[in-house]
Amino acid sequence: MNQAHDKLGYTHYRYQQTYNNIPLVGTMYIVHVKNQKVESMNGLIYDQIEVSNITNIKEQEALKFALNY
């Protein structure tokens, strides 16, 4: 979560959706609060996530790829 304040007195709380602790690109949900009351919410979240190309790699193999890069 990230929060920011603006000149109009709003606090904006930003949340990014994750899957298995990996942030999903393009997802963000923002809650707009003023005087400790939620005024509005907007953003993009996915209710169904299909993962077809998760790769497991060992630490030594990842290091080798990184060093070769």
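Quick notes on this one:
- Test: residue 29 is surrounded by 11 or more Cβ atoms within 10 Å (Cβ to Cβ) and either modelled with pLDDT under 95 or not β-branched (Val, Ile, Thr) (or both): yes
- Among residues of the stretch 1-20, those that are of a type in the set (Ser, Thr, Tyr) and either at pLDDT 95 or above or open to solvent by 90 Å² or more (accessible area, probe 1.4 Å) (or both), counted: 4
- When the stretch 39-64 is filtered for residues that are farther than 14 Å from residue 17 by Cα and of a type in the set (Ser, Thr, Tyr), the ones remaining, listed by number, are 40, 52, 55.
- Close pairs from the stretch 46-69: first under 29 Å from residue 27 (Cα atoms), partner open to solvent by 100 Å² or more (accessible area, probe 1.4 Å), Cβ under 9 Å, at least 6 apart: 51/20; 54/20; 57/65
- Screening residue 69 against (1) under 20 Å from the mean Cα position of the chain (by Cα); (2) open to solvent by 100 Å² or more (accessible area, probe 1.4 Å) leaves a single unmet condition, (1).
The values are calculated or read from the model by the stated rules, or taken from the named source; none is laboratory data. Just so it is clear, the model here is predicted, and its values are computed rather than measured. Virtual Cβ from ideal backbone geometry, glycine too; neighbours counted across all protein chains shown. Note: areas computed on protein heavy atoms with side chains; ligands, DNA, RNA excluded. Shrake-Rupley method; radii C 1.70, N 1.55, O 1.52, S 1.80 Å.
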